[in-house]
Amino acid sequence: MIKKVGVTLLTIFFLSVSFTSIENISSADFACFRQDLGLSGSTSDIISPPIQTIWRETVGATRSYPIIVGEKLYIGTTWALVCYNAKWGTKIWQYISKDFLHSSPAYYAGLIYGGRTNNMYCIDAKTGLLKWKYNTGKDSINSSPIVFANSVFFASNNRLYALSYDTGKVLWSIGFPSNIDFPVAIVSDKFFVVAGNRVYGFNFKTHTKIWQFELPETVKYCFSVSSENVYVSCGKELYAIDPKTGKLNWKQFFTGDAMNPPSYFGNDVFASFDQYLYCLNSSNGKIKWQFEAGFFIESAPSVSEKYVWIGADDFNIYCIDKYSGKKLFEAISGSTSYYIVIGNNQIFSLSTYGELFSFIPIAKREKANVKFELWIGKKYVRKNGKFINIDAPPFIENGKTLVPIRTIGEALGAEVNWHANEKKVTYALETRFIELWIGNPIAYVSGKKVTLDTPPKIMNNRAFVPLRFVSENLGARVSWEPIEKRVTIEYP
């Protein structure tokens, strides 16, 4: 089933598939860069603030836009194309090659496509095994692919290719005067290309050029296309070009410089210039509202029916009311966000330092007051006056109290996850997120590196963590009573 994403987006979607012979088509078949074939940057998933970090993974300094298909996340890293479990951040498979660095993958019919340099790859989405690859030549630079109507569309240097999705055979190719850095966009019976300082419109069936529009300078960021306009941010201006004729519908001037691709949802278009995010009327380009972030806005707007999410150079992720431009929420993301992607009821942020963060909405609830007491060597605890048995007793090592991993997290209401392959434990509570590894003195608290006096360890087949470190970084207060050898934890 195709989810409701607004009348305009649904119209675009149905128009775009109406001339193909594909049967039993679903929106999941078009998982690609900036969410859809029009590169709209919009999503049907409505993530309401506040949010909290649930996991973090280091993927290296990549500019690969992650895509979400069900509960799986695919991204090109500095070492491989990697498939993660989107919910927990655990690695499912990886196809090792540096060719995926900066290549945003595309999903189609159970296959993953990508490849930034020298080759375009087709990988089985379930197994990570290579199905085929097409060599684009030495030192070639490929744009990220878009897959539609059984064809893989991508550019290598200044040539646009269409390959068969299942064999990799070349169906046709077109040369351009300038290199093509961005994916093509597909809307209705046309596809659109940006090369250098020109925008082109093509007939989809015949792949013949209909029009071209020249801009005053080279386009530095990706574009987006609706049934009404081709939106291009260039220099200090946002252009809206008629997708049928190539004529300028309108343009809007800004005092700052374009920072990233524009996005649209329904009758609104969103664009960033310096530290300002603007919402404009798609029909005439008039500004409805503007929002000022703490510093330059790096990530393209990710837009739903209610909210706009952006990442800025002040290391914050912002949630903005789509209708008023009012800030509703901000959270520290560890570093500047290149991309913000929404899917699987989660928000994913790729940072400039190569860290992939996953956030989930925080359930709105009143904080429960917790008084939690433990005794060294005892296999019971007392929570708010009630005694409870635990599976292993706390013990002291190097002056630090260690407890079973779930004892303290679940007592405070945190979500606790054990990643067996990495021997890693994570705690998520409201906006706080802790990562620890067995035997490793390095931990991370909401993305910041911390050194432990006593690392987690395995004893009698049980994993233990330092009680005070976890408790205090989740926002609790810890006290010690030496006579009874009792630890008391109070939260909040």
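Computed from the coordinates by the stated procedures, all read-outs in this text should not be read as laboratory data. Here the structure is a predicted model, which means the values were calculated and not measured. All Cβ positions, glycine included, derive from the backbone under ideal geometry; neighbour counts span all protein chains shown.
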### Summary
The aspartates and glutamates whose Cα lies under 18 Å from the Cα of LYS72, excluding any fewer than 8 residues away in the same chain, are ASP29, ASP36, ASP45, GLU57, ASP124, GLU355
### Task
Identify, among ALA392, VAL450, TRP418, the residue whose Cα sits farthest towards the positive end of the charge dipole of region 370-491, taking +1 on the Cβ of Lys and Arg and -1 on the Cβ of Asp and Glu, with the dipole about the Cα centre.
ALA392
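Cβ neighbours within 10 Å, averaged per peptide: list 413-424, 238-249, 115-126 in order, most packed at the top.
Per-residue mean Cβ counts within 10 Å order the peptides as 115-126, 238-249, 413-424.
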### Query
Can you sort VAL381, VAL230, VAL341 by how many other beta carbons sit within 10 Å, fewest first?
VAL381, VAL230, VAL341
## Note on the structure
Those trypsin sites (Lys or Arg not before Pro) from region 129-237 that are DSSP loop and have at most 11 other Cβ neighbours within 10 Å turn out to be LYS138, LYS169, LYS205
### Query
Residue separation times 0.36 nm, minus the C-alpha to C-alpha distance between SER227 and ASN460: what's the value?
77.5 nm
## Note on the structure
The extension gain from ASP242 to ARG486, computed as 0.36 nm times the residue separation minus the Cα-Cα distance, is 80.6 nm
#### Entry: Environment charge of GLN252, counting only residues whose C-beta is closer than 12 Å and scoring Lys/Arg +1, Asp/Glu -1
+3
### Message
Residue by residue through region 308-320, what is 3J(HN,Hα) from phi via Karplus (6.51 cos²θ - 1.76 cosθ + 1.60, θ = phi - 60°)? Round to whole Hz and write x for glycine and proline.
### Response
10, 10, 9, x, 10, 5, 8, 6, 10, 9, 10, 10, 10
### Task
Straight distance only, please: which lysines reach the Cα of LYS485 with their own Cα at less than 24 Å, same-chain residues fewer than 8 apart left out?
LYS371, LYS378, LYS379, LYS383, LYS386, LYS400, LYS457
### Query
What is the set of long-range amide H partners of LEU101 at a cut-off below 5 Å, with H atoms built 1.01 Å from backbone N?
ARG116
### Qualifying lysines (Cα of each under 16 Å from Cα of LYS169; at least 8 residues distant if same chain)
LYS131, LYS133
### Task
Can you put GLU298, GLU472, GLU214 in order of Cβ neighbours within 10 angstrom, beginning with the fewest?
GLU214, GLU472, GLU298
### Task
Using the number of other C-beta atoms within 10 angstrom as an exposure proxy, rank THR255, THR53, THR136 with the fewest first.
THR255, THR136, THR53
### Query
According to the Kirkwood expression over distinct Cα-Cα pairs, how big is the hydrodynamic radius of region 154-209, in Å?
11.6
## Note on the structure
With -39,500 (n - 2.57) per DSSP H segment of 4 or more residues and division by the full residue count of the chain, the 222 nm estimate, nearest 500 deg cm²/dmol, is -1500 deg cm²/dmol
### Task
Give the Cα extents of region 106-163 along the principal axes, in whole Å, largest first.
31, 22, 13
### Task
Would you work out the charge dipole size for the chain about its Cα centre, treating the Cβ of every Lys and Arg as +1 and the Cβ of every Asp and Glu as -1, and quote it to the nearest 20 debye?
880
## Note on the structure
Env charge @ ASP313, Cβ radius under 11 Å, K,R +1 / D,E -1, value -3
### Principal axis box of region 345-492, alpha-carbon based, largest edge first, Å
50, 36, 23
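Considering only the other residues whose Cβ falls under 12 Å of the Cβ of ARG477, what net charge follows from Lys and Arg at +1 and Asp and Glu at -1?
Around ARG477, the surrounding residues sum to 0.
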### Query
Which whole-percent values make up P(r) of region 347-410 when all C-alpha to C-alpha distances are grouped in 10 Å steps starting at zero?
16, 32, 21, 25, 5
### Query
Applying 1/(1 + (r/R0)^6) with R0 = 45 Å to the Cβ-Cβ distance of LYS400 and THR78, what FRET efficiency is obtained, to the nearest 0.05?
0.80
